[in-house]
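The values are calculated or read from the model by the stated rules, or taken from the named source; none is laboratory data. Just so it is clear, the model here is predicted, and its values are computed rather than measured. Here the Cβ positions follow ideal geometry from the backbone for every residue, glycine too, while neighbour counts run over all protein chains shown.
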Amino acid sequence: MKRALLVAIVALLPVVVFAQSAPDLIIHHAKVFTADPAHRFAEAVAIQGNKIVAVGTNADVTAMAGDKTKRIDAGGRVVVPGFNDAHTHQGPRPEGFGLSPDEDAGWPLVSAALAGAVDETPGDVWIYGTVSPRLMNDPAVTAQALDKVAPHRKVVLSVWTSHGIILSSEAMNALHIRDNAVDPAGGSFERDSSGHLTGKMFEYADWNAERRLADSVSDADAADQLKAYSDQALGFGITSIQNMSMLPLTRYEKVERHAPAAIRIRMIRMPMSETASRDASEGATLPVSSRERPLSIISGTKWILDGTPVEQGAAVRQPYPGTTDKTGKLNFAPDELKVIMKEAFDSKEQTLLHVAGDRTAAAVFDAMRAVGPAEEWRKKRVRIEHGDGLHPDLIALAKEFGVVVVLNPTHVVAKPLFPKGPYMPVKSLVKGGVPIAIGSDGPMNPGLNIQLITTMPGNAAEGITREEAVDAYTRGSAFAEFAENEKGTIAAGKLADLAVLSQDIFKVSADELPDTKSVLTIVDGTIAFDGGVLKTRDRITSEPRIVQ
């Protein structure tokens, strides 16, 4: 009896505690998905300042309104905690011309598109193209070949997985990549039989080039590109991103400080090195937070441990289809991986690891066990980004070590490229007790990513429910950055980050999910995006206006 009474009192606390000070904003007649397992749905939300002060029925919450309270009738629309995209790579690039051949096009089609771009653009404009890994494997496609088609032009052909790049000679000159460049830690340059660079760069050599490219952009242009990205995210109901930018962290922080974005940004260190030794010092002296960038923080360090199955770079335990001996490659030797994990164990910062292949995951867990006990690792919440190769034996280890897995739904298309086996787990992770989050690492559209992670094309048995998917995109992503006490659910005391959606993502067909947009996005208690659909009313009627 006493326990039941206590529960009833606690349920009333948001209204009672804040009743003497009326909310600034009430959203009512809504279908509020709270992402709180104990109280999944509600009807109304009250906001004061930058915090949620009440969640409950229309009657209870609207009774809190004062003369100055802004009231928004959601008309029965779904309200969710703001989506938290846990894996993004927002960063600037110099303005350029994009080639548009099919991403699986061979050299004849790409070279024809390149020749056309040369005719259409001024000589100082960068030319970009996204190509398939087979161009990286074509010995005829080199800087020399690009130079022949596009003489004295800055050409960048990037593999669509972002694990390989081909540069023209002019592009290498512009980025100060010299013929005597050494292979960086975790990456490599391709060289011809005479030892000269061919223009092809892999893993950390690729990303060093991308970093130099990003760093060539002015602060003003970088700020404009960040604002455009932020505006697009807000239109989808995304209120937080966890970003691993190619722009050096000192510059990214400067851009964000001088022109703060309207979304929350977790800036994650992604150290690069120009030498054969890793350099983990990037951004070490930058403050976690600043009054000049109130919505952003700096935390965490990411290392990329292998490639992807697309270019057969993810390290796997069985040969890739159509081969007898190709099993991918770890970017760092086992001894160096152990050093990375020792740094992770000793650090107060979270460590994030790109891990695509099952052999890579096994190596990570071996290194973790060698460095410290599982009960201490669980406090660290080491993140595995992608986790495509977490087979059942490795899922058990992920749970043991307290690993959080950040999934990227658009990657499901790559499952057939792995060896046969239980690749691309999702439901198995949930059933295995492993915390999951969702990061786009590609198209930012949450509706698309929810569609894919619930239907899992070609791997339907691993699909999760829509509620589980939204949980992962909100509460799960907050947990993945140690922010579950501040955001990720719609609950009294949490940050007022939420979105009113254009359609009911729990009821529409799977095919309709990618059409989902936000009609109102609130960040830190402020309306950051308003689609002009919802109306502010002076009076609250007793009946909802239901959206058909």
Would you point out the residue of the range 490-530, among those that are in contact with a Ser or Thr (Cβ under 8 Å, 6 or more places away or on another chain) and of a type in the set (Ser, Thr, Tyr), that is nearest to Pro294 (Cα to Cα)? Thr521
Leading residue by the ranking (nearest to His89 (Cα to Cα)) among those in the range 129-173 that are of a type in the set (Lys, Arg) and touching an Asp or Glu at 6+ places or on another chain (Cβ under 7 Å): Lys154
Pairs, first within 18 Å of Pro23 (Cβ to Cβ) in the range 507-533, second buried (at least 21 other Cβ atoms within 10 Å of the Cβ) and basic (Lys, Arg), C-beta under 7 Å, six or more apart: Val523/Arg264
Taking the range 164-192 and the residues there that are within 21 Å of Asp138 (Cα to Cα) and among the β-branched types (Val, Ile, Thr), the one that is surrounded by the fewest Cβ atoms within 10 Å (Cβ to Cβ) would be Ile165
Number of the condition not met by Asp279 [criteria: (1) of a type outside the set (Phe, Trp, Tyr); (2) under 18 Å from the mean Cα position of the chain (by Cα); (3) within 22 Å of His163 (Cα to Cα)]: (2)
In the range 175-209, residues that are hydroxyl-bearing (Ser, Thr, Tyr) and on the phi > 0 side of the Ramachandran plot total 0
Could you check the range 402-440 and list, in sequence order, the residues that are under 13 Å from Thr308 (Cα atoms) and out of contact with any Pro (no Cβ under 7 Å at 6 or more places or on another chain)? Asn408, His411, Val413, Lys415, Pro416, Tyr423, Met424
Residues satisfying the stated conditions in the range 59-100, i.e. part of a loop (DSSP other than H, G, I, E, B), touching a strand residue (DSSP E or B) at 6+ places or on another chain (Cβ under 7 Å) and farther than 27 Å from Gly531 by Cα: Pro94, Leu99
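Conditions (1) buried (at least 19 other Cβ atoms within 10 Å of the Cβ); (2) touching an Asp or Glu at 6+ places or on another chain (Cβ under 9 Å), marked per residue:
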| residue | (1), (2) |
| --- | --- |
| Ala370 | no, no |
| Ala374 | no, yes |
| Trp377 | yes, yes |
| Glu385 | yes, yes |
| Pro392 | no, no |
| Ile395 | yes, no |
| Gly402 | no, yes |
| Val406 | yes, yes |
| Val413 | no, no |
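Table: residues versus (1) surrounded by fewer than 23 Cβ atoms within 10 Å (Cβ to Cβ); (2) touching a Lys or Arg at 6+ places or on another chain (Cβ under 6 Å); (3) charged (D, E, K, R).
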{"position": "Leu417", "(1), (2), (3)": "yes, no, no"}
{"position": "Lys420", "(1), (2), (3)": "yes, no, yes"}
{"position": "Pro425", "(1), (2), (3)": "no, no, no"}
{"position": "Ile450", "(1), (2), (3)": "no, no, no"}
{"position": "Ile453", "(1), (2), (3)": "no, no, no"}
{"position": "Gly488", "(1), (2), (3)": "no, yes, no"}
Considering residues of the range 277-306 that are without any contact (Cβ under 8 Å) to a residue 24 or more places away in the chain and among the β-branched types (Val, Ile, Thr) only, the residue nearest to Ile340 (Cα to Cα): Thr285
Can you tell me which of (1) buried (at least 17 other Cβ atoms within 10 Å of the Cβ); (2) of a type in the set (S, T, N, Q); (3) in contact with a Gly (Cβ under 8 Å, 6 or more places away or on another chain); (4) in a helix (DSSP H, G or I) is the one Thr161 doesn't meet? (4)
Inspect all residues belonging to the range 296-304 and state whether any of them is in the same structural domain as Leu353 (by TED's automatic domain parsing) and assigned to a loop (DSSP other than H, G, I, E, B). no
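Results for (1) surrounded by fewer than 16 Cβ atoms within 10 Å (Cβ to Cβ); (2) among the polar types (S, T, N, Q), shown as yes or no for each residue.
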position: Gly199; (1), (2): no, no
position: Trp207; (1), (2): no, no
position: Ile238; (1), (2): no, no
position: Ser245; (1), (2): no, yes
position: Tyr252; (1), (2): no, no
position: Thr275; (1), (2): yes, yes
position: Gly283; (1), (2): no, no
position: Val288; (1), (2): yes, no
position: Pro294; (1), (2): yes, no
Residue under evaluation Lys154, criteria (1) closer than 22 Å to Asp306 by Cα; (2) in contact with a strand residue (DSSP E or B) (Cβ under 6 Å, 6 or more places away or on another chain); (3) of a type outside the set (Asp, Glu); (4) at pLDDT 95 or above, criterion not met: (1)
